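Read-outs: derived from the displayed coordinates by stated rules, not from any lab. Everything quoted here is computed from the prediction, not taken from an experiment. Here the Cβ positions follow ideal geometry from the backbone for every residue, glycine too, while neighbour counts run over all protein chains shown.
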Amino acid sequence: MRTLIKTLSVERGKLFITTNGKRLNLKNCRLSIEIYELSKALPIMGVVGYDVKIHHEGLLDCETMDLINPEHIEPTSQYEIVGDIEKFDYTFERFNFSNLTLTELNLPRGVFSFEIKDQTTIRKLIDFPIHI
């Protein structure tokens with residue numbers, strides 16, 4: 001089972017790519033992060049038992065209204081996103097998301113979707129104090 005446990009908005013997001021050994025700021029973008037808890041029902045003595053939490057998954061969507069040249073994306077070796085998340089006391093903390101895995105690319109809509117692999121970063125996002 002996959003359960004959404006937290007959604008965060010990121011301000012002043014910048015999408016960087018590493019291509020041919022150079023780090024380039026591809027676009028500024030609006031960002032949202034969704035954190036999911038993944039669990040699986042395990043059978044106990046042949047009967048479906050309790051849901052056991054497997055791990056957490058972080059998904060990051062970057063949306064830009066600017067046109068993107070596909071030639072810039074093809075030789076990309078690494079994606080990185082930098083942005084600020086607002087805390088409960090109305091201050092911002094800067095996050096650097098590196099080693100992202102591109103899961104979806106929709107150039108006509110200007111949407112990039114990434115999976116956050118680093119469980120330490122995901123744990124920090126889960127515990128991040130936001131205002132309501």
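Overview of values
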| read-out | value |
| --- | --- |
| Those residues of the range 96-132 which are more than 15 Å from the chain's Cα centre (by Cα) and not in a strand (DSSP E or B), in sequence order | LEU107, PRO108, ARG109, GLY110, ASP127, PRO129, ILE130, HIS131, ILE132 |
| Flag if PHE92 is aromatic (Phe, Trp, Tyr), over 16 Å from PHE16 (Cβ atoms), in contact (Cβ under 8 Å) with a residue 40 or more places away in the chain and out of contact with any strand residue (DSSP E or B) (no Cβ under 9 Å at 6 or more places or on another chain) | no |
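Residues checked against (1) under 14 Å from the mean Cα position of the chain (by Cα); (2) part of a strand (DSSP E or B); (3) farther than 13 Å from ILE126 by Cα; (4) in contact (Cβ under 8 Å) with a residue 60 or more places away in the chain:
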site: LEU4; (1), (2), (3), (4): yes, yes, no, no
site: LEU31; (1), (2), (3), (4): yes, yes, yes, no
site: LYS40; (1), (2), (3), (4): no, yes, yes, no
site: PRO43; (1), (2), (3), (4): no, yes, yes, no
